[in-house]
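Have a look at the structure below, then the notes.
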Amino acid sequence: MQARIESVPWASHRERLTAIRSAVFVVEQGVPEHLELDGEDESARHFLALSAAGEDIGCARLLPSGQIGRMAVLPAHRRCGVGALLLQAAIAAAEAAGCLRCFLHAQINAEAFYRRAGFIPQGETFMDAGIEHIEMERP
């Protein structure tokens with residue numbers, strides 16, 4: 001699948017980013033909306049994945065701390081490399097910003113995906129929004 005990743009401002013893309021995240025996290029995974037919208041989006045750098053036809057199909061964010069999160073790809077576009085493109089964009093942005101640490105909180109079922117990108121598990125698993133996670137760091 002052809003997809004392109006754009007770095008987009010939260011202020012002008014909030015509705016589009018929120019629509020993807022709501023579809024994946026709130027509707028599909030049952031995360032309460034008040035946990036998904038955590039108040040950190042204003043200070044984050046956001047990435048939007050677009051299909052060849054220009055449809056919004058995925059998103060991610062990078063916090064100033066170097067934490068990558070809110071990685072979401074709509075179901076019809078999974079396993080096509082969209083997530084890898086989003087992750088690469090976030091990693092590159094973290095490196096360009098001089099982040100000393102690039103890390104994320106991976107859902108357990110996505111751990112292998114992040115391992116393939118060079119992330120290493122750190123510590124024990126933990127629950128977040130009722131979903132088992134593990135912190136992972138990219139050396």
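Of note:
- Comparison of 112, 97, 106, 93 shows that the only residue that is surrounded by fewer than 16 Cβ atoms within 10 Å (Cβ to Cβ), hydrophobic (A, V, I, L, M, F, W, C) and under 16 Å from residue 61 (Cβ atoms) is 97.
- Test for residue 96: is it at pLDDT 95 or above and closer than 24 Å to residue 132 by Cα: no
- Candidates are the residues of region 20-60 that are within 14 Å of the chain's Cα centre (by Cα) and in a helix (DSSP H, G or I); the one that is farthest from residue 129 (Cα to Cα) is 20.
- When we screen 40, 55, 33 for residues that are surrounded by 13 or more Cβ atoms within 10 Å (Cβ to Cβ) and among the acidic types (Asp, Glu), the only hit is 40.
- Considering the conditions (1) in contact with a helix residue (DSSP H, G or I) (Cβ under 6 Å, 6 or more places away or on another chain); (2) at negative phi, residue 109 is excluded by exactly one of them, (1).
- Test: residue 16 is within 17 Å of residue 5 (Cβ to Cβ), touching a residue at least 40 places away in the same chain (Cβ under 8 Å), of a type in the set (D, E, K, R) and surrounded by 17 or more Cβ atoms within 10 Å (Cβ to Cβ): no
- Residue within region 64-82 that is in a helix (DSSP H, G or I), at pLDDT 95 or above, surrounded by 18 or more Cβ atoms within 10 Å (Cβ to Cβ) and small (Gly, Ala, Ser) present: no
The values are calculated or read from the model by the stated rules, or taken from the named source; none is laboratory data. Quick caveat, the model's predicted, so the values are computed rather than measured. Cβ coordinates were reconstructed from backbone atoms using ideal geometry, including for glycine residues, and neighbour counts include every protein chain displayed.
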